[in-house]
Amino acid sequence: MTCFHSQQAVEKSLKAFLRHHSNKIPYIHILEELCERCMEIDSSFSQIMNDCMALDVFYQPTRYPEAPAGSLSEGTPNKQQAEETLAKAKNIFAFVQQRLALSSNTTDPPDQTKTE
């Protein structure tokens, strides 16, 4: 379940970024496509594309068990895969938070220092 929830956290993070910039939330679950849409707004999202692609494989097989398991032909992810997936999700989440903070601070606050 860790791998599925990691994928879900990244999906929601990317959608939050897109919502912030366009007021629209795309009905897409594929992280690669969501990341591409984010890259149209901010090219630095290319930095997380590989991790998004790595997490994509955990959505469909977990949500729809009858679907092909993709790169998980060996079955359920093991503990190491779960830990790696969680680490990737945390990194992507932090990246998106940073990009949201930067895009929210597009104007500098007024200078609060007093001059005499």
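The values are calculated or read from the model by the stated rules, or taken from the named source; none is laboratory data. Values in this document were obtained by computation on a predicted structure and should not be read as measured data. With ideal geometry, Cβ positions are generated from the backbone for all residues, glycine too; neighbour counts draw on all protein chains shown.
Laid out as a table, the results:
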| quantity | calculated |
| --- | --- |
| Near pairs, Cβ below 8 angstrom, 6+ apart or cross-chain, from the stretch 85-99 (under 13 Å from Gln8 (Cβ atoms)) to any residue that is of a type in the set (S, T, N, Q) and surrounded by fewer than 17 Cβ atoms within 10 Å (Cβ to Cβ) | Thr85/Thr2; Leu86/Thr2 |
| Leading residue by the ranking (farthest from the chain's Cα centre (by Cα)) among those in the stretch 89-116 that are of a type in the set (Lys, Arg) and either at pLDDT 95 or above or closer than 30 Å to Cys3 by Cβ (or both) | Arg99 |
| Residues of the stretch 1-46 that turn out to be hydroxyl-bearing (Ser, Thr, Tyr), farther than 21 Å from Ala87 by Cβ and at pLDDT below 95, as a count | 2 |
